[in-house]
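Asker: Okay, handing you the structure first.
The values are calculated or read from the model by the stated rules, or taken from the named source; none is laboratory data. If you're wondering where the values come from, they're calculated on a predicted model, not measured in any experiment. FYI the Cβ positions are ideal-geometry reconstructions off the backbone, even for glycines, and counts take in every protein chain you see. SASA here: full protein model, heavy atoms, side chains in, ligands and nucleic acids out. Shrake-Rupley method; radii C 1.70, N 1.55, O 1.52, S 1.80 Å.
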Amino acid sequence: PVHPQVGDTYILGNASFTVVCPDRYDYEEENNRSLGIRLTDSSHSFLILGDAQSKSESAMLNENLELSADVYMVSHHGSASSSTEKFLRAVHPAFAVISVGADNDYGHPAQKTLSRLEAQDIQILRTDLSGTITAYSTPDTLTWSTGR
């Protein structure tokens, strides 16, 4: 099989995205094999990492990748095993979007993760509280729409 590699960049309309993880596809924990991208347009950036956990985050930090983003799609539904303090400092997002069901058996999002986001003054948007969340990026603004 062909796997995307860290650093691969693709054009998507007026935007582009670069693969930032995984650095390898043999992690024992399958979540660390999640494909992650940093999407940019002329005005804003978005970091989307699937279910990547702290091992994958450490690998991205060790690679000195460009990770800063206006919007961070919180990894692994806000589990405690993702979104470490060091990683959040590198990303330094203004917004964090947590995609999570209202009724889940995992306890997502974890209070530890919410506390780490709050400690860095990151505005949190959650699908379990707001329904579908859509970001609109224009040259001048980043605006939001929710399903509720």
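Asker: Work out the length of the dipole vector of the range 6-148 about its Cα centre, built from +1 on the beta-carbon of each Lys and Arg and -1 on the beta-carbon of each Asp and Glu, and round it to the nearest 20 debye.
Answerer: Details: 10 positive and 19 negative charges, 49 e Å.
My answer is approximately 240 debye.
Asker: Under the Karplus relation 6.51 cos²θ - 1.76 cosθ + 1.60, θ = phi - 60°, what is the ordered set of whole-Hz ³J(HN,Hα) values for the range 9-18, x standing for Gly and Pro?
Answerer: Once θ is set to phi - 60°, the couplings for the range 9-18 become 10, 10, 8, 9, x, 8, 10, 9, 9, 10 Hz.
Asker: Could you pull out every residue, at least 5 positions away or on a different chain, whose amide H is within less than 5 Å of the one on Val97? Hs are placed 1.01 Å off N in the peptide plane, and Pro or chain starts have none.
Answerer: Tyr72, Met73, Val74, Leu125
Asker: Something else about it: Before anything else, pin down the relative contact order of the chain: Cα pairs under 8 Å, at least 6 apart, normalised by residue count, whole percent.
Answerer: Working: 299 pairs, mean separation 22.7, N = 148.
In percent, rounded to a whole number, it is 15.
Asker: While we're on this one: Ser45's amide H: which non-local residues (gap 5+, or another chain) put their own amide H closer than 5 Å, with H modeled 1.01 Å from N in plane and none for Pro or chain starts?
Answerer: Amide H to amide H, under 5 Å and 5 or more residues apart or across chains, Ser45 pairs with Asp70, Val71.
Asker: Compute the convex hull volume of the Cα atoms of the chain, divide it by the residue count, and report the result per residue in Å³ as a whole number. Each step should come with its number before you reach the end.
Answerer: Working: hull volume 18.0 nm³, N = 148.
Convex hull volume per residue, Cα atoms: 121 Å³.
Asker: Also: Which of Ser83, Ser42, Ser137 moves the most in a Gaussian network model of the chain with Cα springs under 10 Å?
Answerer: Ser42
Asker: So what does Glu63 come to for accessible area, using a 1.4 Å probe and Å² rounded to 10?
Answerer: Rounded to the nearest 10, the figure is 100 Å².
Asker: Can you list the HN-Hα couplings for the range 119-135, worked out from phi with the Karplus curve (6.51, -1.76, 1.60; θ = phi - 60°), rounded to whole Hz and with x for Gly and Pro?
Answerer: Coupling constants for the range 119-135: 4, 9, 6, 8, 6, 9, 10, 10, 5, 5, 9, 10, x, 4, 10, 10, 9 Hz.
Asker: Here is a further query. Sort Tyr25, Tyr136, Tyr106 from largest to smallest accessible area, using a 1.4 Å probe on the heavy atoms of the protein chains. All intermediate terms of the calculation are to be shown ahead of the outcome.
Answerer: Details: Tyr25 70, Tyr136 115, Tyr106 180 Å².
From most exposed to least exposed: Tyr106, Tyr136, Tyr25.
Asker: Right, here's the next one. Give me the percent of Cα-Cα pairs in the range 63-148 that sit more than 17 Å apart, rounded to a whole number. All intermediate terms of the calculation are to be shown ahead of the outcome.
Answerer: Working: 1743 of 3655 pairs.
Result for the distance tail: 48 percent.
Asker: Give the relative contact order (percent, whole number) for the range 47-109; include only Cα pairs under 8 Å separated by 6+ residues.
Answerer: 38
Asker: Now for a different question. What 222 nm value per residue comes from the helices of the chain, counting each DSSP H run with n ≥ 4 as -39,500 (n - 2.57) and dividing by all residues, nearest 500 deg cm²/dmol?
Answerer: Numbers: 4 runs with 29 residues, N = 148.
About -5000 deg cm²/dmol.
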